[in-house]
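Working notes for the structure below.
The numbers here are math on the coordinates, done by the rules we state, and not lab data. None of the values given here were measured: they were computed from a predicted structure. Cβ sites come from the backbone with ideal geometry, for glycine too, and all protein chains shown count toward neighbours.
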Amino acid sequence: MTVRVFVPVTSGRLAHVVAEGRIDGPFRAHAVTAALQEAWPEAEDEEWEYAAQAAAGVASLAARGEGDVPRRLVLAADVPAVRPVGDEADPTLVEVEADLPWKRIASAHVDVEDLSPAVVAAYLSDEELPDVVDGIEVDHDLAWFATQEIRTLL
């Protein structure tokens, strides 16, 4: 049995993952946890996974450094086990102890266009996410990329 995790990455970290063919453990990711299910009991599996992916997307923006592109970048992967480390503010946060080899990465989920500074600020704010910032729909889905397409994102 494996656990689907959503790993937030920056453009720099994504380049490193592609070059190395793995993510060394331990690392933080987001997943459907018992705490998330308890906090949102009326949701279904797909909604819980979407919440974990969305949390990973925001975490990828928060982790950006100088030179990283302003996009949400998330890798979906299957790992043997996770340890929940989240709290009420983020019940999806988990730690993965094991290394993550490339073959366990299932897909990437990415903004197809760079986000403006105002949109990035909206995601990172403690305020409720607005519908539109700078004429851009803020709460939009990430595009899905198969593993063989991930190199094109660099």
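Brief remarks follow.
- Computed lengthening from residue 63 to residue 40, 0.36 nm per intervening residue step minus Cα-Cα distance: 5.6 nm
- Shown for the chain are no DSSP H helices, since none reaches 30 Å along its axis, judged by Cα atoms, with a mean Kyte-Doolittle hydropathy of at least -1.0.
- Cβ crowding within 10 Å averaged over residues, with 36-48, 1-13 ranked highest first: 1-13, 36-48
- For segment 3-153, the relative contact order comes to 27 percent (Cα pairs under 8 Å, sequence separation of at least 6).
- Interatomic Cα distance distribution for the chain, bins of 5 angstrom, percent: 2, 9, 19, 22, 21, 15, 8, 3, 0
- Normalising the Debye intensity of segment 33-84 to I(0), with uniform scatterers on Cα atoms only, and taking log10 at q = 0.13, 0.32 Å⁻¹ returns -0.41, -1.22.
- Highest average packing first - 78-89, 108-119, Cβ atoms within 10 Å: 108-119, 78-89
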